[in-house]
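Presented below is the structure to which this report refers.
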Amino acid sequence: MTGTIADRNAMAGTHDDGPRLRGSALTLAYDKRVVAEGLDVVVPDRSFTVIIGPNACGKSTLLRALARTLRPAAGTVLLDGRDISALPARKVARTLGLLPQTSVAPDGITVAELVGRGRYPHQRLLRQWSSEDERVVRASMKATGVADLAGRLVDELSGGQRQRVWIAMALAQETPLLLLDEPTTYLDIAHQIEVLDLCARLHEERGRTLVAVLHDLNHAARYATHLIAMRDGRVVAAGAPGEVMTADLVEEVFRLPCRVIDDPETGTPLVVPAARRRTEPATR
């Protein structure tokens, strides 16, 4: 192979400036309401990073900034060492995919048609649908277990099926980074595990870097390779689940007294809330 190391890295989508996705000195706000200030966040390459924290702490806001759907009031989100806001939209769409918290499919759209929309970043004025697009869509539906639903209308599906279809669409985008905002919301426990198992396979078998916002601490500890814990718009801790998920951390971040033990199935941290103290019956 010819060319400099920098040239070869650029072709491969890698660089010499550290992790592909990170935020530096971020201030995040909606109009004049500041949600987070002075955030420094690093997403390790090829990690399954999970952001945890109580409601309204800035988790989803941070994810939106990392995905370039919210412009920071100050600071910079860097993608491959460059300010993400300065990159062409098509370049970002080919590198980073986002599954938002609420996704609404157009009326009357089939599963295959919705998944096919993930190929839009790869379309050009003179290059429309191709055999490669067809191959990627079929492979994405197979990987997410929705191939047999290809002709079904999306609005006829169960919640778990729809979520897998949306992940298939993001997968068809063929981005090395995938961001998911509360992907298990409104799903029952079986479908939550199904979706998270799928995310884990994408990370482990395909080498994707995943970033997800999750509410369930035990799901976060079980599936993440890297945790970011937030409270009141700041990062309280970041690192491996075994290091971050401690009883002290849970009480500091969630105000929840608990014990943290080893999950008997996986050996990952398992948060057990302290039992409610029963009120002794009054004596006469």
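Quick note: the coordinates plus some simple rules give every number you see, no bench work behind them. Nothing here was measured: the structure is a model prediction, and the numbers come from that model. In this analysis, Cβ positions are derived from the backbone assuming ideal geometry, glycine residues included, and neighbour counts consider all displayed protein chains.
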Based on the mean of other beta carbon atoms within 10 Å per residue, what is the order of 31-37, 129-135, 97-103, 165-171, most packed first? 165-171, 97-103, 31-37, 129-135
Sorting ILE261, PRO121, GLY242 by the position of each Cα along the dipole of the chain (Lys, Arg +1; Asp, Glu -1; all at Cβ), the one nearest the positive end of that ordering is PRO121
In terms of modelled amide H atoms, which long-range or inter-chain residues lie less than 5 Å from the amide H of LEU256? GLU251
Rounded to 10°, Cα long-axis angle of helix 189-206 versus longest principal axis of the chain: 50 degrees
Taking R0 as 30 Å and r as the Cβ-Cβ distance between ALA274 and ARG206, the FRET efficiency 1/(1 + (r/R0)^6), rounded to the nearest 0.05, comes to 0.15
Spatially proximal lysines relative to LYS32 (Cα-Cα < 27 Å; intrachain offsets below 8 disregarded): LYS59
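Rounded if a/c is under 1.5, else prolate if a/b beats b/c, else oblate: with a ≥ b ≥ c from the C-alpha gyration tensor eigenvalues square-rooted, which is the range 21-64? Please report the intermediate quantities before stating the final value.
Numbers: a/c = 2.69, a/b = 1.54, b/c = 1.75.
Judged from the Cα gyration tensor, the range 21-64 comes out oblate (a/c at least 1.5, b/c at or above a/b).
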Of all the C-alpha pairs in the range 5-273, what % are more than 32 Å from each other? 24 percent
